[in-house]
Structure formats: structure tokens, C-alpha cells
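Beneath this line is the structure, given in C-alpha cells, with notes to follow.
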Amino acid sequence: MALRATLKNKSILSGVAVMHMQNPPVNSLSLGFLTEFCIAVEKLEMDKSCRGLIITSSQPKVFSAGLDIMDMYGKNLEHYKAFWKAVQEMWLKLYTSNMVTIAAINGSSPAGGCLMSLTCDYRIMADNPRYSIGFNETQFSIGVPVWCKEAMTTIVGHRNTELTLQLGLLYNPSDALKIGLVDQLVPEDQVLATATQTMAKWLAIPDHARRIAKSMMRKPTIDKLMSIREADMQQYISFISKDSTQKMLGTYLEMLKKKKG
Amino acid sequence: MALRATLKNKSILSGVAVMHMQNPPVNSLSLGFLTEFCIAVEKLEMDKSCRGLIITSSQPKVFSAGLDIMDMYGKNLEHYKAFWKAVQEMWLKLYTSNMVTIAAINGSSPAGGCLMSLTCDYRIMADNPRYSIGFNETQFSIGVPVWCKEAMTTIVGHRNTELTLQLGLLYNPSDALKIGLVDQLVPEDQVLATATQTMAKWLAIPDHARRIAKSMMRKPTIDKLMSIREADMQQYISFISKDSTQKMLGTYLEMLKKKKG
Amino acid sequence: MALRATLKNKSILSGVAVMHMQNPPVNSLSLGFLTEFCIAVEKLEMDKSCRGLIITSSQPKVFSAGLDIMDMYGKNLEHYKAFWKAVQEMWLKLYTSNMVTIAAINGSSPAGGCLMSLTCDYRIMADNPRYSIGFNETQFSIGVPVWCKEAMTTIVGHRNTELTLQLGLLYNPSDALKIGLVDQLVPEDQVLATATQTMAKWLAIPDHARRIAKSMMRKPTIDKLMSIREADMQQYISFISKDSTQKMLGTYLEMLKKKKG
């Protein structure tokens, strides 16, 4: 597992970091990966010369497959707590970022992958009908955290969010564009180039005023989630440590093994 | 007046109840009908084998014409109070239902009829341009209860709701679909069959996780309405018992009589 | 500077006032103009015979260019306070109006001009691609007040508002219609006539019930803004009296002068 987070000042665009997620095979958001990711974002945040962040994948066909089930299965309470704290941290760090954040979604992005991209200011997706994005947790009997609900509602509205979360829907790129879950579709080989061009437009806006506007729009959601952060943690731990949840995850993991084998 | 609420486990779909509303001529939501309706829903809710509820009409051309004006005119305070309590109960029972609820809207559905269908998880309407759905109360000088506003805003957004409630708009099926007031249009004779097929898709989702998602999406609205339930009751009684309101309803009822005669 | 606010009972429509804004060259919302405007609206509000208000421009090509920068530059704290109080007043008076309010947008309407039109019940814009509407403050390093955010969110939703405010976007009429920022486009010479016809439709709705619906939809926003009114004032004064803000405005004004000269 490795995360390349490099500030490519020359090759891409001055003041813009491109975070290539590289956690084979499918960029699962494990405790280790999320920890590394948050530290990298925090460093960029404190680097005054860094004004924009593009998040993309180094793995083929997938942006991120979402939270790593291995961190949710057969571990102790301390582990579950550390993992969920990392999930909350990732959401908060990205959602409150002073940088312009763009998701260059060059592959499928279900569940936690969708959550990560929803925290960004703009979403560009590869126009490949085999890719999908959305929240499919419900299909696997897994509860969707409130962080997904809040971020998604502000972007695609209450009704689309309710349908997605109740039914565990994944959207192909064209349908995702239609409901506003992504902002733009481009051919697969142009995702990063388009993200870079888009970033240039966003950086032409004075930072200070843009940040005030971003903060004004997001503060109510942030305040709400901060106020229930501890309750959300308790709810997660209670859900994940239940016998029935663990049994269900065990069955799911065995199904995955058979599929591969 | 009769309400058929039968759990048709074999003829329709296992675990699905189809509520055929039958209160001739136009399925007015009277105190008697609402009381019977709520008891039926409550029974289904407690029946563990019942996972889905389809609401439709046995009357031709109309799903429900809305609240029964006879329960709002020339009665005493106790009656008004009992009636409004039944309206609130209907909304709460359906909006908080653990079952998958689908409105099979096989006819016009103004005012209270629209309110009832908005509480459901999904709305399928007969594609007949002579049918309409929406909130036309304002056109008849009647205030729209806050229950309509809250449910409608979460489904079609604030702007469409404001236009509808200020102007008392009814939409034909095609316009209703365009703003998202209904989810799907089908030929009139396929409304119930499509509702059944749709229900099968929803029931393929694990109940427990789906209910968590539904509750997460609806809890803020439910909490808000529960907290103003008593105030809403006082407001209704004060409005309906006013001389000017009663006079206006009297004029309206006489107009209806002349129209029929 | 002059504001013509005349109740044209015969020439236009009975009970409808048409406010022709006339503050050459671009209907800047100066302290003087806003004060006169608010007094005029208040008079109409208290006139029981006045049920509707159409706001339009007497200046060519512009509805209103927004807040007058001269009231934000090189003045003392008292002046800044009086100016911002007038801005808040304008928003509140229009947003809470009992009258049906229609913006007949016969020219460009950036920033404060957009804010004014968003308080209205309905927006009709001249279909001239050279005109634009939106909030471009961020492009000029100026913070957008919370009044813009709240009004815009209820009309075009959270996502469109976030993009607009972060990027300082102006929309041509066709794009403005697409996101719902205006309700209708008509040829330039028919803006006022269409506003009058639309007003007739709105006035066919009983006043009392329409006002209840309007108030029910807007009360949460009004309550929220009233509760932060003083904080918003402090924030504005702190921002506008900063050396960096004043310097930036000075540069901007010199740029404007050179452009003209």
C-alpha cells in the first residue's frame, strides 16, 4: 500500500497538488490508507503555496472501492473506533479544505469512494458506461453513515438522496451527470487534463473571497456533523460490533473469496 | 363507506398489502375513513410478514379528492379537533412506516390526496392528461397545512413547493413527472401491475438497512413536525372555527350543490 | 437620482404598483436610493388597495448594477452601518412583503440587482444574450452576504448556489432559466406586459390564503436571518473597514475610471 501525494508545481499547474491514490488492487479506504491520506492533505493544507488539490486514482478501472471491510471485520473495539475516526477525519479534512478540491474520477467509485468525491468542489468522471458511482451499502445490509446523507443532499437534493440510500443505487456516468452527482463527463484519457484545466479556472478566482463563500455554504453542514460526531461514533461501533453484523460481513467476505477463487 | 385493506399474499406479491380505497364517490378523506385507514395501516405495521404497502383507489377517475369538507363545516370544536388529529395521524403513520409504501395513483389526487401520496416511498401515476395532482387549497382560500409543505419540499424542492402552495397549482401527470411530484407514468390499466413490479425491486433490498436509510432521511422532518404538532392543531382549530372560514366553506358547498344539481 | 414609485391603477392593472427604478446610469443601489426605495415599498405595503408590486428599470440595458461601491469606499463607520442597514432593510421588506412581487428584469442584474430580484415571487427576464444575472462578487474579492446565499438556495438549490458564489458566476438569460434563477424569458419589449399578465394571474388567487402560504414557505429563512442580523452587520463593518478591502476597492474604482476615460 502506498499513497503518492506529490506537489507537482511544474508538470501540472503551479500551486496544485495531484493526489494519485495507489492502494492495490482497488484503492480500498483502509485505516492505514486513510491515515496516510489525512496526513498528506493536512500537509498540503498548511503549505501556503498549495492552492488546489486534484484527487485521482493510479489503479485501473477504479477510483476507490470504498471503506476496507477488513477494518470492519473481526477486530476489537479500539480498532473499530480508530477506523471510524479516520473516516470522519477524511470527510472533515476534505469538506473543510481551504484548497480548491477536484475529484478526477477515472474509474468506479462506489460507497466510500463516492463519499470522498462528494466532499470536493467539483467532480469530473470518465465517460465509460462500465464505471459507476453511488452508495450501494444498503444492498449489502450495511447502514449508510450520516456523512453521506448530508453531503449528497446538498449536491443532488433530498429526493435523489433518499432513493439512492434506500435502494443502494449505483449510477452509470450518464445517469450520475443527469442527477448532478458528477459535474462533467469526459473521455477516460482526458479526465486528469480536464481536471487541470478546470482547476486553472477556479484558481483565477481570488482565494480569500472564494474561501468565504465556500465556508458560508458548508458551515451549517459542518456544524451539524461536528455536533453529532461522538453519537455517530457510538452508533457505528454499536452497529459494527453486533454479532449479526459480523456474521453478515463474514458471509460477504467468503462470497468474495469464492468469486475470486 | 368502506375501506378494503387486505393482505393479498398470493394474488399480488408475498408480504405485500394492497389498500384499495373505497369511499364513494371520490374517496374523500373523512374522519371515519381516516380512522379506519389508520387502524388498517397500524395492523399491517405490526404484522411482521407484511413488508410492503401499495395504496390505490377502487373509485373510477380519482385516487382521492382530499380532506372531506363535511368534517370541516358546521361542526363543534371537538369534532374539528378529532378530524385534524386523524389527518396528522395519517401523515405520521405513512411517513414513518417501516414498510415500503407505494402510491398507485390511478386518478386525480388533489390536496389531501396529494398529501397522502407524498408520504409514500414511490409514486406511480396513470398517464391520463385529464387527471391532476397537487395542492389547490389556496385557490379556495384554504390554508395549506405545514405537513404538505414539509413533505413536498423534500421531494420537489423549495421553489416548486412555493409556487404550488402560493398559486394552488394542480399538475397534469406529465408536468408532475417533470418537477418530480410523481416518479413514473404508465398507461392507466398498468398502474397496479407496475406498482407490484416496483415493489418487488424494493423488497429485494434488505429490510433492516433500507429502514435505517429511510429513517435517517426522514427523521429531521418528523422531529420538526412532532415538535409543532400541538401548535399546528391550535392553528387549524382557530382557522376552521372562524366565522369567515365557515361562511366561505358554506358558499363553496352551495356552489358544489348547484354544480351537481 | 430619482425613484418613480407610482401606483398606476388604471394604466396597468387595478391594485398594482409599478416601481420604475431610475438612478442613472446603472441603478446602483446607493444609500440614498435604497432609503427612498424602502420608504416607497413601505407606503405601498400599508396601502390596502395595493396588492401587487412590479419592479423594473427605467435605465437602458440594466435592471440594477448592484450595491453602490461609493457607499463602501472611504467612508466612516457610521456610514457603513447605515448603508448595510439599508441593504438588510431592502431584503427584508421585499422578502416579507404581503404583496405579490414580480421582478421585470429588463437588463443586466448582477450582485445586488440579483439579490433584489430573488426576493420577489416571480422573475421575468428579457431574452437578450448580452444581459446577465448572478452573483459575481467573489470575482472582485468581495464577500457575498448571507442574504444572497439564503434566498438563492431556496430558489436554485444548494449546489447551484455553491457554484455561483464560489466562482462569482453570472448567467446569460438562457442559462439562468435552465437553473431556475429566473422563471420566464420573453422578448425585451414584452417584459413589462408579461409581468402585468402574470400579475393578473397571481391576483386571481385569494390574498389571505396566498399570504399564509408565502409566509409559511419563507418564515424559516426570515427567522434565521433576523437572528443573525446584528452579527451580519458586525461582519460587514469589519470586512469593509479593513485596510486591505479599502485598498482593493480603491484599485477597482481606478480601474473603472480608466475604463471610462
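When we screen A:MET233, A:MET152, A:MET217, A:MET255 for residues that are at pLDDT below 95 and either under 29 Å from A:ILE102 (Cβ atoms) or surrounded by fewer than 20 Cβ atoms within 10 Å (Cβ to Cβ) (or both), the only hit is A:MET255. Report whether or not A:LEU225 is touching a residue at least 24 places away in the same chain (Cβ under 8 Å), more than 10 Å from chain C (Cβ to nearest Cβ), within 19 Å of the chain's Cα centre (by Cα) and assigned to a helix (DSSP H, G or I). Considered against the rule, which asks whether it is touching a residue at least 24 places away in the same chain (Cβ under 8 Å), more than 10 Å from chain C (Cβ to nearest Cβ), within 19 Å of the chain's Cα centre (by Cα) and assigned to a helix (DSSP H, G or I), A:LEU225 comes out as yes.
In this structure, A:ASP223 qualifies as surrounded by fewer than 20 Cβ atoms within 10 Å (Cβ to Cβ), acidic (Asp, Glu) and over 22 Å from A:PHE135 (Cα atoms).
Taken together, the residues in region C:48-92 that are of a type in the set (Gly, Ala, Ser) and in a helix (DSSP H, G or I) amount to 2. The residues in region B:239-260 that are among the aliphatic types (A, V, I, L, M) and without any contact (Cβ under 8 Å) to a residue 60 or more places away in the chain can be counted, and the count is 2. When the residues of region A:161-202 are filtered to those that are without any contact (Cβ under 8 Å) to a residue 12 or more places away in the chain and more than 26 Å from A:ILE142 (Cα to Cα), the one that is nearest to the other protein chains (Cβ to nearest Cβ) is A:LYS201. Within region A:131-149, the set of residues being among the polar types (S, T, N, Q), surrounded by fewer than 24 Cβ atoms within 10 Å (Cβ to Cβ) and either out of contact with any strand residue (DSSP E or B) (no Cβ under 8 Å at 6 or more places or on another chain) or more than 16 Å from A:GLY113 (Cβ to Cβ) (or both) comprises A:GLN139, A:SER141. The set of residues in region B:110-129 that are outside any loop (DSSP other than H, G, I, E, B) and among the charged types (D, E, K, R) contains only B:ARG123.
Only a single item in (1) assigned to a helix (DSSP H, G or I); (2) free of Cβ contacts under 8 Å to residues at least 24 places away in the same chain is not met by B:VAL144, and it is number (1). Restricting to region A:110-144, name every residue that is within 14 Å of chain B (Cβ to nearest Cβ) and within 13 Å of the chain's Cα centre (by Cα). Those that are within 14 Å of chain B (Cβ to nearest Cβ) and within 13 Å of the chain's Cα centre (by Cα): A:ALA111, A:GLY134, A:PHE135. Is it the case that region C:179-188 has a residue that's touching a Cys at 6+ places or on another chain (Cβ under 9 Å), surrounded by 21 or more Cβ atoms within 10 Å (Cβ to Cβ) and outside any helix (DSSP H, G or I)? Looking for residues that are touching a Cys at 6+ places or on another chain (Cβ under 9 Å), surrounded by 21 or more Cβ atoms within 10 Å (Cβ to Cβ) and outside any helix (DSSP H, G or I), one finds at least one in region C:179-188, hence yes.
Note on region A:93-107: residues that are touching a Leu at 6+ places or on another chain (Cβ under 8 Å) and either hydroxyl-bearing (Ser, Thr, Tyr) or assigned to a loop (DSSP other than H, G, I, E, B) (or both) amount to 4.
Look through region C:108-130, keep the residues that are polar (S, T, N, Q) and surrounded by 24 or more Cβ atoms within 10 Å (Cβ to Cβ), and return whichever of them is farthest from C:LYS61 (Cα to Cα).
C:SER117
All conditions but one from (1) of a type outside the set (A, V, I, L, M, F, W, C); (2) in contact with a strand residue (DSSP E or B) (Cβ under 6 Å, 6 or more places away or on another chain); (3) buried (at least 18 other Cβ atoms within 10 Å of the Cβ) apply to B:GLU162; the one that does not is (2). The residue pairs whose first member lies in region C:113-134 and is at negative phi and touching a residue at least 24 places away in the same chain (Cβ under 8 Å), whose second member is of a type in the set (D, E, K, R) and in a strand (DSSP E or B), and whose beta carbons are closer than 7 Å, counting only pairs six or more residues apart or on different chains, are C:SER117/C:ARG123. Go over the candidates C:ALA151, C:ALA176, C:ALA126 one by one and state the one that is among the hydrophobic types (A, V, I, L, M, F, W, C) and under 26 Å from C:GLU230 (Cα atoms). When all the criteria are applied, what remains is C:ALA151. Within region B:145-160, the set of residues being charged (D, E, K, R) and more than 7 Å from chain C (Cβ to nearest Cβ) comprises B:GLU150 only. The number of residues in region B:203-221 that are more than 7 Å from every other protein chain (Cβ to nearest Cβ) and either within 23 Å of the chain's Cα centre (by Cα) or in a helix (DSSP H, G or I) (or both) comes to 8.
The values are calculated or read from the model by the stated rules, or taken from the named source; none is laboratory data. Because the structure is predicted, anything quoted here is derived from the model rather than measured. Ideal geometry is used to build each Cβ from the backbone, glycine not excepted, and the neighbour counts take in all protein chains shown.
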